[in-house]
1. How high is the FRET efficiency from Met1 to Ser109, r the C-beta distance, R0 22 Å, rounded to 0.05?
2. Given the options Gly294, Gly85, Gly278, which has the most mean-square fluctuation in a GNM of the chain, springs set between C-alpha atoms less than 10 angstrom apart?
3. Looking at Ile247, Val86, Ile375, which one has the Cα that reaches farthest to the positive end of the dipole of the chain (charges on Cβ: Lys, Arg +1; Asp, Glu -1)?
4. Is the shape of region 359-417 best called rounded, prolate or oblate, per the rule: a/c under 1.5 gives rounded, else a/b larger than b/c gives prolate, else oblate, with a ≥ b ≥ c the square roots of the Cα gyration tensor eigenvalues?
5. Under DSSP H, which helices of the chain have Cα atoms covering 20 Å or more of the helix axis and a Kyte-Doolittle average no less than -0.5?
6. Connecting C-alpha atoms closer than 10 Å in a GNM of the chain, tell me which of Leu381, Leu27, Leu146 has the biggest fluctuation.
7. Once Lys and Arg get +1 and Asp and Glu get -1 on their Cβ, which of Ser136, Tyr113, Phe151 lies farthest toward the positive end of the dipole of region 108-165?
8. Calculate the spin-label point distance for Asp177 paired with Glu73, positioning each point 7 Å from the Cα along the beta-carbon direction, and give it in nanometres.
Amino acid sequence: MSLKAPKGTIDILPKDSAKWQFVEKTLRDICDSFQFKEIRIPVFEHTELYVRGVGETSDVVSKEMYTFNDKGERSITLRPEGTAGVVRSFLEHGLYADSQPTKLYYMISCYRYEKPQAGRLREFRQFGVEMFGAASPAADAEVISLVKHIFDKLGIQNLTLNLNNIGCPSCRKAYNDKLKAFLTDRKNDLCETCQERLERNPMRVFDCKSEVCQSVLKDAPRIYDCVCPECKAHFEEMTSYLDEMGIAYQLDKSIVRGLDYYSRTVFEFVSNDIGAQGTVCGGGRYDYLVEELGGKPCPGIGFAMGIERLLMVLENAGISLPEPKEPQLYIAAIGKEADKKAAKLVHTLRCAGIRAEKDYMERSVKAQMKYANKIKAEYTLVLGDDEIAANKAQLKQMETGESQEVCLDELKEKFLS
Ligand code: ATP
Ligand code: MG
């Protein structure tokens, strides 16, 4: 049996989990102030949900899904992303019937069969938000401003916000014909997947990672330049909100993102410091997705952020994150009776929220003190028969070496004060 975790998966070990908890708490607190509420969705869904919700011609659906038949012969897929599941839940539970907008966030693991490399895993974690019911450009700006706030709060400065306007199905139709004509002339230069995309969904070619396809696209017409007046006005209004909030951005006419059901605003936050996988966060408006998945027309806008990539950016920027917390007190015990008393004392302290620790290895008192040192206990206390009889002991501060006598009944108050 192999003891190696499957390719593309990671363990988040105790030495690192405090960093994750800190980042996750920061994200939750920010959602709280923006009034986005958490939604928790299943790890797997019916395969069809992703085929329709992400789009058949996307890399995710065409190449990357973990799909299998369950014992009831249903085709099941491990979630490759969050939006489709959130929309399914929004519809299933009639959240659209509440006063709108519906503002949701999620923190999930995702599964994609990809070639593992730095910043690209097969199991990875995403944080994302979705806002339903609001078509106004102010909603797009709010979602973007939430991402910006996350980076500001974490102290990340060197990320670029790239924006594009991909129009609506009506302006995209004329554009698709134009793009198709352009690409058909250069069909033989495209990769195999894109030759197929060309027929079914030519804009997807922009999403291709292959260099040859990207070089073909250099002179291709851009959807940004072909959108209808309504879509143009929506985008301009949205950027005027960003201007008002002092959020800097760049136009990147090559971003198309998820596409099929995406519309108007699309955006990415990109880092130049973490290698090829520099997109930390991607999002956009999806005014046609809810309808596509069986609901009444309902606008939506959201984004997803890779948490591993966010941590890579933090590390790269030299931003220090919390380490696991050390014990405030270690109680060393001499003998069986004292060990029981120590158990009672640490229990009382822990119930009061104090980080207390004791021995479980039947170590000698000397070895217990050595261990207390190793785990960097802030204070130690040695408990023997004399201490128990007197109900008093010496509380030693490890860093200074200073000791003070404390009454065992008042230990808790000592740490709470
Ligand atoms: P990429 O262009 O890097 O393949 P994507 O367009 O497939 O990204 P999305 O589906 O938009 O990515 O997912 C949102 C975010 O999730 C990405 O910006 C990235 O931070 C993260 N992400 C996506 N795929 C992976 C992966 N395989 N491993 C780690 N993080 C990922
Ligand atoms: Mg991808």
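1. Details: r = 24 Å, r/R0 = 1.08.
Computed FRET efficiency for Met1 and Ser109 comes out at 0.40.
2. Gly294
3. Farthest towards the positive pole: Ile375.
4. Working: a/c = 1.87, a/b = 1.22, b/c = 1.54.
Here region 359-417 falls in the oblate category.
5. On the way: long enough: 14-34 (31 Å, -0.77); 137-154 (26 Å, 0.52); 169-184 (22 Å, -0.69); 229-244 (22 Å, -1.01); 336-351 (23 Å, -0.71).
Those that clear 20 Å and a mean of -0.5 are 137-154.
6. Per the Cα network of the chain with a 10 Å cutoff, Leu381 tops the list.
7. Of the listed residues, the answer is Tyr113.
8. 4.5
All of the numbers you see were taken from the coordinates with simple rules; none came from a lab. Fair warning: this is a prediction, and the values are worked out from it, not measured in the lab. Quick reminder, even Gly has a Cβ in these numbers, built from the backbone with ideal geometry, and neighbours come from all protein chains shown.
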